[in-house]
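What follows is a single structure, written as structure tokens, with notes after it.
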Amino acid sequence: MIRPQLSTDGNTVRLPLAEHVDPLLDELALAYAQAPEDVGRLLAAHAASVVALDFALCSDDATDYGRAVRAAEADATREALLDDCPAAVTLDPLLAPDDAISLAGRITRAAAHIRHRTAQNRNARP
């Protein structure tokens, strides 16, 4: 379950997701150690796709079709990297209705705390 927290400065709500990403990075490292050439080629192909997508998104000359093609290429290379990673499933946690309502309530309470505190600071007179 994702546990919302206040950021260290207390001005934003933080959703810590590192616990979901850590196993994925571990599996990628293990896959690279077992087959560095294969995983290296996949990583290089994905890097090229990401750079091409970034260029298309920032380019004034790129067409919407070109951007869509570059996005599809990046998605394809990303999926190829994630195919053999069971931990990838945890990146998008599925919440049962009660869990989703509980998470929404926790986020709302944290955000209300921030709003209440910042409203008090605005109303304080020097």
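The values are calculated or read from the model by the stated rules, or taken from the named source; none is laboratory data. Predicted, not measured: the structure shown is a model, and the values here were computed from it. Glycine also receives a Cβ, built like all others from the backbone with ideal geometry; neighbour counts cover every protein chain displayed. Surface areas here come from the heavy atoms of the whole protein model, side chains and all, with no ligands, DNA or RNA. Shrake-Rupley method; radii C 1.70, N 1.55, O 1.52, S 1.80 Å.
For the residues D92, D38, D61, a 1.4 Å probe over the protein chains yields an accessible-area ranking, largest first, of D61, D92, D38.
Per-residue ellipticity at 222 nm computed for the chain from its helices equals -23500 deg cm²/dmol, with DSSP H segments shorter than 4 residues left out and the rest contributing -39,500 (n - 2.57). Rg over Rh for the chain works out to 1.14, both radii taken from alpha-carbon positions and Rh defined as the Kirkwood radius. A crude spin-label estimate for the pair A112 and V51, with each label 7 Å from Cα along the Cβ direction, gives 5.0 nm. For the chain, the relative contact order works out to 34 percent when only alpha carbon pairs closer than 8 Å and six or more residues apart are counted. Basic side chains Lys and Arg get +1 at the Cβ, acidic Asp and Glu get -1 at the Cβ, and with that the dipole of the stretch 41-82 about its Cα centre reaches some 220 debye.
Rolling a 1.4 angstrom probe over the protein heavy atoms with all chains in place gives the chain an accessible area of 73 Å² per residue.
Here is what passes the span test in the chain: the DSSP H helices with alpha carbon length of 15 Å or more along the helix axis and a Kyte-Doolittle mean of 0.5 or above are 36-58.
Using 20 Å as the cut-off for backbone N distance, which residues of the stretch 57-92 belong to the label zone defined by a point 7 Å from the Cα of E19 along Cα→Cβ? Flagged as within label range: 86-92.
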